[in-house]
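What follows is calculated from the coordinates using simple rules that are stated; it is not laboratory data. Because the structure is predicted, anything quoted here is derived from the model rather than measured. Note: ideal-geometry Cβ built from the backbone for every residue, glycine included; neighbour counts use all protein chains shown.
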Amino acid sequence: MKLRYIGLFATTAALFCPTWAVADGLFSNGNFSIGAGVLSSSGIYKGEKSEAGFFPFLSYDSDRLHVGFDGIGLHVLNQDNVELTLLLGPGDSPDFPNKNPLFAGLKRGTPVDAGFEAAYDFDAFYVAGGAMVDVSSEHKGYQAEAKIGSEFMLGEVGIDIGAGARFRDQKLNNFLYGVSAAEANGLRSAYDVGGTSEPFVDMTVSYLVSDDVILMGFMEYHPLDKKVHGSPLTNGKDSYSVGLGLIYSF
């Protein structure tokens, strides 16, 4: 599920780094961003340990378009206080431990999700939300998110801190954590997760090293729903991620 956090790098790079006009319309004020980061996240499946890894970063952003490893975004509304973006990209998929026999025979691909995200800035704080649905028939489920947050400067450091909730339907949860009757065996019993809602808190910290280089870090923590903890595939731990990256825009 690393693509969720790569998207945070894209958003921050677009906000803090300079843009250069290259054409009118879709590519107006476009810039490329390249970089790399490290990500550490908790293991939520049985036999899975907390892990840290390296990932590259590459994106193109203009006034109306975002293209990156996390997918494509079309900014259909981008005014002073209101933003609306249509999204298409890879969705969440489980990272089952390869060598654990508990997960043998559980086949999960990478879905393609389509949806939107929107935000309204009240100056002192903002509200944001969005929804994504699988359009590749990998699981045919959906998820939605609502968040309230605040962006401010602390000296030369930009801070974005927020809290909210994520909602997943039964189909997506069973894709991530469930066991169908056909997948049940002596090591794992059939399990239907159902729909869930989970709170979360997150924070992004950004610092301009130069006019076109930005250093950023982020963290997210959210306790998993008790229905997820009840799955024979999960280890009862909650989810957290922390990351640090360096981005150059041109």
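What the table shows:
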{"read-out": "FRET efficiency, 1/(1 + (r/R0)^6) with R0 30 Å, evaluated for Ala119 and Asn29 via beta carbons", "value": "0.95"}
{"read-out": "For the chain, calculated [θ]222 nm from helices alone, where every DSSP H run of n ≥ 4 adds -39500 (n - 2.57)", "value": "-3000 deg cm²/dmol"}
{"read-out": "Helix axis angle, 3-16 relative to the chain longest principal axis, alpha carbon, degrees", "value": "10 degrees"}
{"read-out": "Mean separation of Cα contacts under 8 Å, 6 or more apart, over the residue count of the chain: relative contact order %", "value": "19 percent"}
{"read-out": "In order through segment 104-119: 3J(HN,Hα) via Karplus (6.51 cos²θ - 1.76 cosθ + 1.60), integer Hz, x for Gly, Pro", "value": "4, x, 7, 9, 9, x, 9, x, 10, 10, 10, x, 8, 9, 9, 8"}
{"read-out": "Residue exposure sequence - Leu154, Leu26, Leu39, Leu58 - by fewest surrounding Cβ within 10 Å", "value": "Leu154, Leu26, Leu58, Leu39"}
{"read-out": "Taking N as its residue count, the alpha carbon Rg of the chain over 2.2 N^0.38 Å", "value": "1.06"}
{"read-out": "Residue-by-residue Karplus 3J(HN,Hα) for segment 136-150, coefficients 6.51, -1.76, 1.60, Hz, glycine and proline x", "value": "9, 6, 6, 9, 6, x, 8, 9, 9, 9, 9, 8, 10, x, 9"}
{"read-out": "Exposure proxy order (Cβ contacts within 10 Å, fewest to most) of Met203, Met216", "value": "Met203, Met216"}
{"read-out": "Derived scalar couplings ³J(HN,Hα) [segment 228-240; Karplus, 6.51 cos²θ - 1.76 cosθ + 1.60; whole Hz; x for Gly, Pro]", "value": "5, 4, x, 5, x, 8, 9, 9, x, 8, 7, 9, 9"}
{"read-out": "Sorted by Cβ density within 10 Å, fewest first, the residues Met153, Met219", "value": "Met153, Met219"}
